[in-house]
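The values are calculated or read from the model by the stated rules, or taken from the named source; none is laboratory data. Only a predicted model underlies this, so the values are computations on that prediction, with no experimental measurement involved. As a convention, Cβ positions derive from the backbone with ideal geometry for all residues, glycine included, and neighbour counts pool all protein chains shown. Please note that ligands, DNA and RNA were not included when accessible areas were found on the heavy atoms of the full protein model with its side chains. Shrake-Rupley method; radii C 1.70, N 1.55, O 1.52, S 1.80 Å.
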Amino acid sequence: MAKEIERKFLVISSSYRALASSSFRIRQGYLSTNPASTVRVRTKGDHGYITVKGITSGATRNEWEYEIPLKDAEEMLKLTEEGTVIDKTRFIVGRWEVDEFHGHLDGLVVAEIELTDENESFGLPDFIGREVTGDARYYNSVLAANGRP
């Protein structure tokens, strides 16, 4: 079983763009939004993924992610409710992943950092704003269903 430990923050400036080493488009939808077993399907470039995530405790949760054929991922995205697919561009800035949302979430920008331990210390770049770790309104599954908080 894999553990995901991440902290999430709102982004207050676009300075991350100049610092990014790469970026790519992601489309994702949810086959299950049950908090105890969220099932996400995602396309990232020419790859597809299916991910099962357990309930979050603090900044930690169980996570299992598997690559699947792109065509399968695209078909699974069609099973999600219309208007709930998240479309975003992800920028990689060192250890940070910065997501610019498009479509029904246009204007929302969130940054995440994956940690090896919940108590791990890390620096905050200038573009980082208020922390929203644990705020369910910023879970991607909730954003997909409800829109911007």
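Rounded to whole numbers, the Karplus 3J(HN,Hα) couplings from phi for the stretch 71-76 are 4, 5, 4, 5, 5, 5 Hz, using 6.51 cos²θ - 1.76 cosθ + 1.60 with θ = phi - 60°, and x at Gly and Pro. Rounded to a whole number, what % of the accessible area of the chain do carbon and sulfur atoms account for, probe 1.4 Å? After summing per-atom areas, the C and S share lands at 49 percent.
The spacing between the stretch 1-19 and the stretch 93-130, judged by their C-alpha centroids, is 1 Å.
Taking the charge dipole of the chain about its Cα centre, with +1 at Lys and Arg Cβ atoms and -1 at Asp and Glu Cβ atoms, the residue from ALA145, GLN28, SER121 reaching farthest to the positive side is ALA145.
Placing unit charges on the Cβ atoms of the charged side chains and taking the dipole of the stretch 75-114 about its Cα centre, the candidate lying farthest along the positive direction among LEU105, LEU79, VAL93 is VAL93.
Looking at the stretch 74-132, the trypsin sites (Lys or Arg not before Pro) that sit in a DSSP loop and have at most 16 other Cβ atoms within 10 Å of their own Cβ are LYS78, ARG95. How high is the FRET efficiency from VAL142 to SER15, r the C-beta distance, R0 41 Å, rounded to 0.05? Once rounded, the FRET efficiency stands at 0.90.
Backbone amide hydrogens, once placed in the peptide plane, bring SER32 within less than 5 Å of VAL39, excluding anything fewer than 5 places away on its chain.
Pop the C-beta distance of GLU118 and LEU70 into the FRET formula with R0 = 30 Å and round what comes out to the nearest 0.05. After rounding to 0.05, the efficiency reads 0.30.
Annotation: amide H of LEU108 within the under-5 Å range of PHE101, sequence separation 5 or more or interchain, hydrogens built in the peptide plane. If only the Cβ of Lys and Arg carry +1 and only the Cβ of Asp and Glu carry -1, the dipole of the chain around its Cα centre is close to 200 debye.
Over the stretch 58-149, what relative contact order in percent results from Cα pairs under 8 Å that are six or more residues apart? Reported as a whole number, the value is 24 percent. Using the 1.4 Å probe convention, the accessible area of the chain works out to 54 Å² per residue with neighbouring protein chains retained.
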